[in-house]
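The values are calculated or read from the model by the stated rules, or taken from the named source; none is laboratory data. Everything quoted here is computed from the prediction, not taken from an experiment. Every residue, glycine as well, gets a Cβ built from its backbone with ideal geometry; the counts of neighbours run over all protein chains shown. Side chains included, ligands, DNA and RNA excluded: accessible areas come from the protein's heavy atoms. Shrake-Rupley method; radii C 1.70, N 1.55, O 1.52, S 1.80 Å.
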Amino acid sequence: MPDIETRDPAALLARLPAALAAALEAPAYAAHLAGIDPAAVTDRAALARLPVLRKGEMPARQREKLPFGGFVPGAVGGFPRLFTSPGPIFEPQRAGDDPWGGAPALEAAGFRAGEVVLNTFGYHLTPGGFIFDTAARALGCAVIPAGPGNTEQQLDLIEAYRPAGYVGTPDFLKVLLDAGAKAGRDVSSLGKA
């Protein structure tokens, strides 16, 4: 089991002050967390007293100061990719091999280096496709950047590349498995999702 899955909660709480201090570098977080001393947030009770920023508030806050509402320090052109998620919420991708931190989640789900992963999340204005693409590649997996749809073509890819795992929406996985069964196609390589 990876060390990240067994870390002591106290060790995670010890990281809170630095994380909060980094957040305070963004003007909107500094305003939202005004009066908070990051060094004092070292236990669950202190964490519970932090003001919550709801996802539903972000679109209006971002419209006040496009594109990121002051929540992201740095110039827009300094990020490798820029996205919009439902809301709309504008969000950048940081630089790095696994900027979204998804590799540990895939590893916890059983994905391993050297395996092939079928990624059916979209590679477009929302970050899902790129989140799982970079996570799988950081883990050492080969990625089939399939996106959603094109069921027949994806069945061809599954039979040819024999991916060990699937990332995407559960409903599209069901579409693929049902279509494969109906057409007598071999999708048995998909052992984890």
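Key figures
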read-out	value
Checklist (1) without any contact (Cβ under 8 Å) to a residue 40 or more places away in the chain; (2) within 16 Å of Gly168 (Cβ to Cβ); (3) open to solvent by 40 Å² or more (accessible area, probe 1.4 Å); (4) not acidic (Asp, Glu) applied to Gly129, failing item	(3)
Members of segment 89-106 that are touching a helix residue (DSSP H, G or I) at 6+ places or on another chain (Cβ under 6 Å) and either open to solvent by 20 Å² or more (accessible area, probe 1.4 Å) or at pLDDT below 95 (or both)	Ile89, Phe90, Asp97, Asp98, Trp100, Pro104
Ala18 being under 23 Å from the mean Cα position of the chain (by Cα), surrounded by 12 or more Cβ atoms within 10 Å (Cβ to Cβ) and at pLDDT 95 or above	no
Count of segment 154-175 residues which are in contact (Cβ under 8 Å) with a residue 40 or more places away in the chain and either over 10 Å from Ser189 (Cα atoms) or under 19 Å from the mean Cα position of the chain (by Cα) (or both)	7
Top-ranked residue of segment 107-124 - restricted to ones that are open to solvent by less than 60 Å² (accessible area, probe 1.4 Å) and in a loop (DSSP other than H, G, I, E, B), ranked as farthest from Lys192 (Cα to Cα)	Gly122
Matching residues, segment 61-88, being exposed (fewer than 11 other Cβ atoms within 10 Å of the Cβ) and within 23 Å of Gly35 (Cα to Cα)	Glu64
Subset of segment 147-182 [among the aromatic types (Phe, Trp, Tyr) and either over 18 Å from Gly110 (Cβ atoms) or open to solvent by 80 Å² or more (accessible area, probe 1.4 Å) (or both)]	Tyr161, Phe172
Pairs with Cβ under 8 Å, 6+ apart, first in segment 89-105 and among the acidic types (Asp, Glu), second surrounded by fewer than 18 Cβ atoms within 10 Å (Cβ to Cβ) and assigned to a strand (DSSP E or B)	Glu91/Leu82; Glu91/Thr84; Glu91/Ser85
Pair list, Cβ < 6 Å and 6+ apart or interchain, from segment 25-43 residues that are assigned to a helix (DSSP H, G or I) to residues that are buried (at least 18 other Cβ atoms within 10 Å of the Cβ) and among the aliphatic types (A, V, I, L, M)	Pro38/Leu20
Check on Ala14, over 23 Å from Pro148 (Cα atoms) and touching a Leu at 6+ places or on another chain (Cβ under 9 Å)	no
